[in-house]
Amino acid sequence: MPWLAFVGLGLKLKHLTLEAIEVLKESDIIFLDSYTSVGENISAETLSSFLKKQVIPVSRRNIEDENGKIIFDALDKGLNVSFAVIGDPFIATTHIALLLQAVKKGIEVKIVHGISIYSVAISCSGLMSYKFGKSATIVYPKEGITYEYFYDVIKENKKRGLHTLLLLDLDVEKGIFMRANEALRLLMEIERKRKEGVILENEKVLVIARASLRDQKCVYGVISELLSKDFGPPPHVIIVPGKLHFIEEEALRRFTIK
C-alpha cells in the first residue's frame, strides 16, 4: 500500500530535520510545492542535489485547480509520494484539502512538521507567544477593491491587548512579494478612510525581514519612520504589538531604529 507524506522543509535547507530527510529519501517520487512560499537554498535543484533523488516542482494549478491529480496519479501507480512544502505543510497553506482527499481514498498519510514563519517570527520578536491573537495576511487591492479584513483583525486583537502577526501578500509564480513599506501604506490608507484609531503613524510596530535567514533584519519603530525604511529583500512580516509587559518592551528595544 503506497503512502503520501506531507513534509515540512522549514525556511531554509539547513532547517531540514532528520525525520524529513529520512522520509524524503524513502520516497519513490518527491513533489515540491513551488508556489506558497520561498526558502533559502530550497528549490527542486538544490533538494535533488542534496537528496540524490529527482524532485519535481508543482504549481498552484497542479495542486489546487487540478485537485492534486499529479500526486494521486503517482499513488495509483503504487509509488510512495512525498509532497515537500517550505515551512510547515499545513500552516498558511491550503494543503489540508489534499490530506483530506487522501484520507477519503484510504491512502496512508504521513506528516513531518517543519519550522514555520509563525514560530520563527514570534520567537525572533521576544514577545510572549500566548499573547498573540488571530493572525492575518495583508493583501494587495484587486480589481479596485481594497480588502480590510486585516485591519479588523488588528482592531479585535487590540481590544483584548493581544499582539497581531501579519503575513504579507505574495505570488511566488509571478515573482510578486509585498514589502513591509507597502503593507504599512495600505494600513494607513484604511485608517485614514475609517478613522477608527486602530493603527496610527506614531505607533510602533516590528518588521521582520527574511526571518531565520543569514540576512535577517528586525526593525522596531514608529510607522511614519518605517514607511521609507529599506528592509532589504522579502519575505517580510509585521507584528503589531498589543499591551506590552515590561520584559516585552525591553525585548523590542533591541530592534529600535538608532
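Residues are listed down the side, and each one gets a yes or a no for (1) free of Cβ contacts under 8 Å to residues at least 40 places away in the same chain; (2) out of contact with any Leu (no Cβ under 8 Å at 6 or more places or on another chain); (3) among the aromatic types (F, W, Y); (4) assigned by TED's automatic domain parsing to the domain that holds I138:
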{"position": "A44", "(1), (2), (3), (4)": "yes, no, no, no"}
{"position": "L47", "(1), (2), (3), (4)": "yes, no, no, no"}
{"position": "D65", "(1), (2), (3), (4)": "yes, yes, no, no"}
{"position": "I71", "(1), (2), (3), (4)": "no, no, no, no"}
(message) For segment 152-192, which positions are of a type in the set (S, T, Y) and surrounded by fewer than 22 Cβ atoms within 10 Å (Cβ to Cβ)?
(response) none
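Among the listed residues V81, V153, V85, V139, which satisfies the condition of being modelled with pLDDT of 95 or more, outside the structural domain of S48 (by TED's automatic domain parsing) and farther than 20 Å from K204 by Cβ?
Being modelled with pLDDT of 95 or more, outside the structural domain of S48 (by TED's automatic domain parsing) and farther than 20 Å from K204 by Cβ holds for just one of V81, V153, V85, V139, which is V139.
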(request) Could you please find all residues in segment 1-38 being buried (at least 19 other Cβ atoms within 10 Å of the Cβ) and assigned to a helix (DSSP H, G or I)? (result) H15, A20, V23, L24
(message) If Q101 satisfies all but one of (1) surrounded by 14 or more Cβ atoms within 10 Å (Cβ to Cβ); (2) in the same structural domain as T17 (by TED's automatic domain parsing); (3) in contact (Cβ under 8 Å) with a residue 60 or more places away in the chain, what's the number of the condition it fails?
(response) (3)
(message) Under 9 Å between Cβ atoms, which residue pairs at least 6 apart in sequence (or on different chains) link something in segment 190-216 that is within 24 Å of P235 (Cβ to Cβ) and polar (S, T, N, Q) with a partner that is at pLDDT below 95 and surrounded by 13 or more Cβ atoms within 10 Å (Cβ to Cβ)?
(response) S212/E40
(request) Out of I96, I71, report the one residue that is modelled with pLDDT of 95 or more and crowded, with 18+ Cβ neighbours inside 10 Å. (result) I71
(message) Need pairs with beta-carbon distance below 7 Å; first residue within 19 Å of I122 (Cα to Cα) and within segment 132-161, second of a type in the set (F, W, Y) and assigned to a helix (DSSP H, G or I); sequence gap 6+ or separate chains.
(response) A136/Y149; A136/F150; T137/F150; I138/F150
(request) Report the residue count in segment 65-112 for those that are on the phi > 0 side of the Ramachandran plot and within 24 Å of the chain's Cα centre (by Cα). (result) 4
(message) When you scan segment 177-190, do you find a residue that is closer than 30 Å to D33 by Cα and of a type in the set (G, A, S), even just one?
(response) yes
(request) Would you check which residues across segment 58-102 are among the β-branched types (V, I, T), within 22 Å of E19 (Cα to Cα) and not in a loop (DSSP other than H, G, I, E, B) and list them? (result) I71, V81, V85, I96
(request) Would you point out which residue out of V55, V23 is assigned by TED's automatic domain parsing to the domain that holds D73, β-branched (V, I, T) and touching a Phe, Trp or Tyr at 6+ places or on another chain (Cβ under 9 Å)? (result) V55
(request) Output the number of the condition that L226 fails; it satisfies all remaining conditions of (1) more than 21 Å from the chain's Cα centre (by Cα); (2) without any contact (Cβ under 8 Å) to a residue 24 or more places away in the chain. (result) (2)
(request) Name the residue, out of P241, P233, that is farther than 17 Å from L127 by Cβ and either touching a residue at least 12 places away in the same chain (Cβ under 8 Å) or not acidic (D, E) (or both). (result) P233
(request) Quick one: count up the residues across segment 232-251 that are surrounded by fewer than 21 Cβ atoms within 10 Å (Cβ to Cβ) and either in a strand (DSSP E or B) or modelled with pLDDT of 95 or more (or both). (result) 10
(message) Going by what's in this entry, would G106 be described as assigned by TED's automatic domain parsing to the domain that holds P57 and without any contact (Cβ under 8 Å) to a residue 24 or more places away in the chain?
(response) yes
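The values are calculated or read from the model by the stated rules, or taken from the named source; none is laboratory data. Nothing here was measured: the structure is a model prediction, and the numbers come from that model. Positions of Cβ are generated from backbone atoms using ideal geometry, with glycine treated the same way; all protein chains shown enter the neighbour counts.
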